[in-house]
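The values are calculated or read from the model by the stated rules, or taken from the named source; none is laboratory data. A quick note: this is a predicted structure, and the numbers were derived from the prediction, not measured. Positions of Cβ are generated from backbone atoms using ideal geometry, with glycine treated the same way; all protein chains shown enter the neighbour counts. These area figures cover heavy atoms from the full protein model, side chains too; ligands, DNA and RNA do not enter into them. Shrake-Rupley method; radii C 1.70, N 1.55, O 1.52, S 1.80 Å.
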Amino acid sequence: MNLSLLQIPQYDPQKNFCDYFDYPLEIEVEYDGVLLKGHFTYLCPSDYCVMIDSPFSGIEVGLHTPAFAMYKRNQNVIDGKITEKGLEASKDALITAYEQAEFLFRNKEAIYQKIRAVDPKIAESVAQRAKLRTEFLEKKKRLKALLKSGELSSREYSQFIGKYKRQQVEAELNEWELKKDIFKDFPDLFVSYGSEDQFIAFVRKYFENNS
């Protein structure tokens, strides 16, 4: 597929370019003698995300260009067409996804053991957050009635809401730290914020399917 020939005359730059098509916008590039295949999952002038499909699957790489750097030469889509910069960036992203996937696959046994070691702690934290939310919703309903009747001040109600939000953030941060620590002994793998979940899912899939 020659993506440079695609054009959407009425393209809205605020929308995902991929949504204008009923088929995936596929990307191919040869790297170190390996044919890599993937597709765009998101594309607009400032952002792109690429998912690798072969020889691995399940790793997505993307990049956001901040508003202050949105010169024409940095845009991925202009006048409803994918720019040369967008095409080259997508190939680079596909290569990065392959390198990450290949590293994870090569080290899947060691990484899987670390995942299994933290699984109980993460499961416990998730269960505690679910319990906390149930208790919060029940208490919120009672406090809202007190607030309406004037028996509870707006400040007290806000403090209650704020405390719950802080507890949730702390629990989520703890879970993120646990996931991040899985990869701390692998300095050659760049783990960007938020990529932990897809890396864990990838290792689970390839380890458990090959065990």
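Can you tell which of PHE136, PHE160, PHE103 is within 30 Å of VAL34 (Cα to Cα) and of a type in the set (A, V, I, L, M, F, W, C)?
PHE103
Restricted to the range 149-174, and to residues that are aliphatic (A, V, I, L, M) and in contact with a helix residue (DSSP H, G or I) (Cβ under 8 Å, 6 or more places away or on another chain), which residue is farthest from LYS121 (Cα to Cα)?
Taking the candidates together, the pick is LEU152.
For (1) hydroxyl-bearing (Ser, Thr, Tyr); (2) surrounded by 12 or more Cβ atoms within 10 Å (Cβ to Cβ), each residue gets a yes or a no:
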| site | (1), (2) |
| --- | --- |
| TYR112 | yes, yes |
| LEU137 | no, no |
| LYS148 | no, no |
| LYS163 | no, no |
| VAL169 | no, no |
| LEU173 | no, no |
| SER192 | yes, no |
| LYS205 | no, yes |
| GLU208 | no, no |
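Find all pairs meeting these conditions: Cβ atoms under 7 angstrom apart; at least six residues apart or on different chains; first residue within the range 152-180 and touching a residue at least 60 places away in the same chain (Cβ under 8 Å); second residue part of a helix (DSSP H, G or I) and open to solvent by less than 80 Å² (accessible area, probe 1.4 Å).
Partner pairs satisfying both residue conditions: LEU178/VAL118; LEU178/ILE122; LYS179/GLU196; LYS179/ILE200.
Would you call TYR157 open to solvent by 60 Å² or more (accessible area, probe 1.4 Å) and among the aromatic types (Phe, Trp, Tyr)?
It is false that TYR157 is open to solvent by 60 Å² or more (accessible area, probe 1.4 Å) and among the aromatic types (Phe, Trp, Tyr).
Checking SER90 against (1) assigned to a helix (DSSP H, G or I); (2) open to solvent by less than 20 Å² (accessible area, probe 1.4 Å); (3) farther than 25 Å from PHE190 by Cα, only one condition comes out false. Which one?
(3)
Might you let me know whether the range 1-18 holds any residue that is of a type outside the set (A, V, I, L, M, F, W, C), modelled with pLDDT of 95 or more and under 27 Å from LYS205 (Cβ atoms)?
The answer is yes; a qualifying residue exists.
For a quick check of your reading: which helices (runs of 4 or more DSSP H) sit entirely within the range 104-211 and have at least 2 residues that are over 30 Å from SER54 (Cα atoms), within 27 Å of the chain's Cα centre (by Cα) and among the basic types (Lys, Arg)?
By residue number, 108-149, 154-182.
Which condition number does PRO120 fail, the rest of (1) without any contact (Cβ under 8 Å) to a residue 60 or more places away in the chain; (2) farther than 25 Å from PHE207 by Cβ being met?
The failed condition is (2).
Being loosely packed, with under 11 Cβ neighbours inside 10 Å, over 26 Å from ASP188 (Cα atoms) and among the small types (Gly, Ala, Ser): is that true of SER125 here?
It is false that SER125 is loosely packed, with under 11 Cβ neighbours inside 10 Å, over 26 Å from ASP188 (Cα atoms) and among the small types (Gly, Ala, Ser).
Can you name the number of the only condition in (1) open to solvent by 70 Å² or more (accessible area, probe 1.4 Å); (2) within 16 Å of ILE59 (Cβ to Cβ) that GLU196 fails?
Condition (1) is where GLU196 drops out.
Could you tell me whether any residue of the range 86-93 is free of Cβ contacts under 8 Å to residues at least 12 places away in the same chain, hydrophobic (A, V, I, L, M, F, W, C) and either in contact with a Leu (Cβ under 7 Å, 6 or more places away or on another chain) or closer than 26 Å to GLU172 by Cβ (or both)?
no
Scan the range 53-80 for residues that are in contact with an Asp or Glu (Cβ under 8 Å, 6 or more places away or on another chain) and among the hydrophobic types (A, V, I, L, M, F, W, C) and jot them down.
PHE56, LEU63
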